[in-house]
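Contents: one structure, followed by commentary.
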Amino acid sequence: LNGKWPVPDTCDQYIDCTSGVERLVTCQNHLVFDDKTGDCEHPDAANRPGCTAEELYGFTCPNSIGQARYAANSDCRAFFTCGVFTNYHPRLGGCPVNSVFN
């Protein structure tokens, strides 16, 4: 049986079965497994129940038109981008090493 299935109670892991071989895969860089595409995606793109950007980050984009960036409280290098390309869900971004979001 070939396919990809999410690991219960996780957002970033899935089981990849290929030619009868089972492999546990963990998505990197704050991505989540999207069971519709079978790939690791930004949480705003996957919009998977229990794994939405709002649920994972505890941040909701303000009701406004246009694109803006907002500081993340947990990390001075991190920020959220809100805009039409994220369907106004927060997308986590970060500044290069030795710099902070301003």
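In region 57-71, what residues are open to solvent by less than 60 Å² (accessible area, probe 1.4 Å) and either among the aliphatic types (A, V, I, L, M) or within 20 Å of Cys11 (Cα to Cα) (or both)? Correct list: Tyr57, Phe59, Ala68, Ala71.
A Cβ distance below 7 Å, combined with a sequence gap of six or more or placement on separate chains, defines the contacts here; from region 22-45, residues that are closer than 19 Å to Leu56 by Cα and in contact (Cβ under 8 Å) with a residue 60 or more places away in the chain reach residues that are open to solvent by less than 70 Å² (accessible area, probe 1.4 Å) and in a strand (DSSP E or B) in the pairs His30/Leu92. Can you name the residue in region 72-102 that is over 21 Å from Cys51 (Cα atoms) and of a type in the set (A, V, I, L, M, F, W, C) and is also surrounded by the most Cβ atoms within 10 Å (Cβ to Cβ) among such residues? Per the stated criteria, the residue is Phe101. When only residues in region 29-56 that are over 19 Å from Gly94 (Cα atoms) and assigned to a strand (DSSP E or B) count, which is most open to solvent (accessible area, probe 1.4 Å)? Step by step, filter region 29-56, then rank; the result is Asp39.
Checked across region 17-24, the condition of being under 16 Å from the mean Cα position of the chain (by Cα) and either surrounded by 11 or more Cβ atoms within 10 Å (Cβ to Cβ) or of a type outside the set (Lys, Arg) (or both) holds for no residue.
Cβ-Cβ contacts under 7 Å between residues 6 or more apart (or on different chains), taken from a first residue in region 74-102 that is under 15 Å from Asn47 (Cα atoms) to a second residue that is assigned to a strand (DSSP E or B) and among the polar types (S, T, N, Q), are listed as Arg91/Thr81.
The values are calculated or read from the model by the stated rules, or taken from the named source; none is laboratory data. Bear in mind that the values here come from a model prediction, so they are computed numbers and not experimental data. We place every Cβ from the backbone using ideal geometry, glycine too, and count neighbours over all the protein chains shown. The protein model used for the area step is the full one, side chains on, heavy atoms only, and it has no ligands, DNA or RNA in it. Shrake-Rupley method; radii C 1.70, N 1.55, O 1.52, S 1.80 Å.
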